[in-house]
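This report concerns only the one structure given below.
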2 protein chains.
Amino acid sequence: MTELLSPEGLEAALRQIGAERYHNLHPFHRLLHGGKLTRGQVQAWALNRYYYQSRIPLKDAAFLSRAEDPELRRIWRQRLVDHDGSTPGTGGISRWLALTDGLGLPRQDVVAGIGILPATRFAVDAYVRYVRDAPLLQAVASSLTELFSPAIISERVSGMLRHYEFVDERTLQYFSHRLEEAPRDSDFALDYVKREARTPEQQAAVLDALRFKCDVLWAQLDALHHAYVTPGLIPPGGFQPS
Amino acid sequence: MTELLSPEGLEAALRQIGAERYHNLHPFHRLLHGGKLTRGQVQAWALNRYYYQSRIPLKDAAFLSRAEDPELRRIWRQRLVDHDGSTPGTGGISRWLALTDGLGLPRQDVVAGIGILPATRFAVDAYVRYVRDAPLLQAVASSLTELFSPAIISERVSGMLRHYEFVDERTLQYFSHRLEEAPRDSDFALDYVKREARTPEQQAAVLDALRFKCDVLWAQLDALHHAYVTPGLIPPGGFQPS
């Protein structure tokens with residue numbers, strides 16, 4: 001990139017990345033939402049995705065530990081509240097555990113990460129490290145996959161409720177909350193990068209950050225797909241559907 | 001240390017460190033509370049201490065980014081709320097700015113850290129790094145200077161109100177809040193280390209962490225004392241009282 005984009009041009013370029021690289025395009029998601037997976041395959045997805053959920057507050061706290069502006073911290077802090085809750089048993093992580101509970105996974109195994117695919121850890125840990133180490137602008141930009149999540153969540157909830165008798169509104173409660181939280185978060189982050197990316201180099205870095213984050217999400221589904229769909233090659237130590 | 005202390009024995013050893021090394025024993029604090037400082041010297045103290053205040057939420061966020069237990073994060077998160085507030089203009093950092101405002105320091109210079117002593121930065125940055133990098137148990141233990149702060153705060157507020165016509169209840173509002181917040185925080189941290197330090201080595205590390213933190217506070221007063229009291233040798237770039 002050699003020219004400075006307008007803020008609207010930058011937003012369009014970000015949305016284009018989502019249109020090409022967001023994980024709603026991954027075959028595993030189409031199988032998941034289309035009712036094509038067994039309960040064991042859905043368990044594997046929920047178990048691995050728990051690790052991602054559990055690291056999100058650590059990622060956001062790493063961001064806060066680098067944000068020198070109290071106002072920025074105050075706004076970003078809400079993400080910790082959303083995930084960790086305000087009292088025991090509330091918050092996004094607890095709601096994800098309602099899903100794994102509903103799928104019959106032993107909660108202590110989920111929390112301990114037993115059977116999680118190594119590739120899940122590698123991808124998620126790379127994201128946490130990125131937010132800890134990259135320039136703050138890129139750390140913000142890497143959160144922008146939230147721009148695309150309301151669409152996938154709506155698809156997911158309606159598809160899963162229609163197709164699987166082993167999930168219900170209660171076990172999918174995580175997603176209804178995210179439908180409210182994600183747009184608030186992504187609006188803020190989008191405004192931030194449109195305002196703060198003031199050089200072509202910064203804009204290129206913002207776009208790269210979103211590509212990186214799309215890769216993080218995509219790689220998790222690749223690993224699930226390889227282990228539990230095609231060729232169904234579960235790596236040593238990986239969760240074995242019964 | 002070769003023997004395992006009881007939890008009560010560990011608490012006593014921690015309190016003994018406070019009795020010997022907490023910065024209420026530093027001559028600068030006796031001068032400050034005893035009304036022996038000029039307005040310029042009090043300004044230098046408030047300016048440098050602002051840097052410490054401003055780094056505390058970054059330190060606490062660094063802690064949160066390493067705490068894998070949502071319940072521990074939820075409790076520790078209150079420290080961010082205390083310092084950053086819930087709305088613009090609230091929280092401990094804003095209350096410290098009320099003090100520097102009241103002392104006539106330009107707010108933009110305070111926030112930008114203009115004139116802060118290098119030794120202040122070195123000490124404070126060492127604390128933030130410690131909490132980011134040391135084992136979690138030691139990170140918790142390093143907060144335990146709060147055990148000793150209610151006494152120094154009471155002394156400070158009554159002494160400063162009595163002796164200086166350039167401070168009042170409003171500019172000292174930071175401290176009245178800390179009188180409520182600090183005991184809640186230090187009770188939690190003390191219970192945590194008494195419960196989690198289960199080997200002589202861990203107990204020794206906990207005691208070292210508190211000694212380290214006492215050093216961080218003491219070094220800040222040494223730098224102020226050297227620059228603004230005896231011998232009054234302000235380093236290049238340091239704040240010059242008018």
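The values are calculated or read from the model by the stated rules, or taken from the named source; none is laboratory data. What you see is a predicted model, and the numbers here were worked out from it, not measured in a lab. Cβ: placed from backbone, ideal geometry, glycine included. Neighbour counts: every protein chain shown. Calculation scope for accessible area: heavy atoms of the full protein, side chains included, ligands and nucleic acids excluded. Shrake-Rupley method; radii C 1.70, N 1.55, O 1.52, S 1.80 Å.
For chain A, averaging the sequence separation of C-alpha pairs within contact (under 8 Å, six or more residues apart) and dividing by the residue count gives a relative contact order of 35 percent. Shielding by partners for peptide A:80-87, expressed as the average number of C-beta atoms from other protein chains within 10 Å of each residue's C-beta, is 4. When the P(r) of the protein assembly as shown is calculated, the portion above 40 Å amounts to 32% of the C-alpha pairs. Mind pulling the angle between the C-alpha long axis of helix A:149-163 and the longest principal axis of chain A? Nearest 10 degrees, somewhere in 0 to 90. Approximately 10 degrees, to the nearest 10. In this structure chain A gives 42 Å² per residue of accessible area when probed at 1.4 Å with all protein chains present.
Nonpolar atom fraction for region A:7-228, defined as the carbon and sulfur part of the 1.4 Å probe accessible area, stands at 52 percent. When the alpha carbon gyration tensor of region A:1-149 is reduced to an equivalent ellipsoid, the three semi-axes, largest first, read 29, 22, 13 Å. Farthest towards the positive end of the charge dipole of the protein assembly as shown, among the residues A:Leu179, A:Val167, A:Gly34, is the Cα of A:Gly34, using unit charges on the Cβ of Lys, Arg, Asp and Glu. In this structure A:Thr87 has an accessible area near 80 Å², from a 1.4 Å probe over the protein heavy atoms.
Between this copy and the others, label points of A:Glu180 are 2.7 nm apart in ascending order, each placed 7 angstrom from Cα in the Cβ direction. Helix B:173-196 axis versus longest C-alpha principal axis of chain B: approximately 20°, rounded to the nearest ten.
Averaged over the residues of peptide B:147-155, the number of Cβ atoms from other protein chains lying within 10 Å of each residue's Cβ is 0.
Annotation: for a label point projected 7 angstrom from Cα along Cα→Cβ of B:Ser242, residues of region B:99-115 with backbone N closer than 13 Å are B:103-107. Rounded to the nearest 20 debye, the dipole magnitude of region B:7-228 is 400 debye, with +1 charges on Lys and Arg beta carbons, -1 on Asp and Glu beta carbons, and the Cα centre as origin.
Summary of packing: across the peptides B:54-64, A:185-195, A:10-20, the per-residue average of other C-beta atoms within 10 Å ranks them, highest first, as B:54-64, A:185-195, A:10-20. For the chain pair B and A, buried accessible area totals roughly 1900 Å², probe 1.4 Å, rounded to the nearest 100. Three semi-axes describe the equivalent ellipsoid of region A:12-83; taken as square roots of 5 times the Cα gyration tensor eigenvalues and ordered largest first, they are 31, 19, 8 Å. Nearest 10 degrees is fine. How inclined is helix A:118-133 to the longest principal axis of chain A, computing both from alpha carbons? The two axes meet at around 20 degrees. Neighbouring Cβ atoms from other chains, within 10 Å of the Cβ of residues in A:51-58, number 2 on average.
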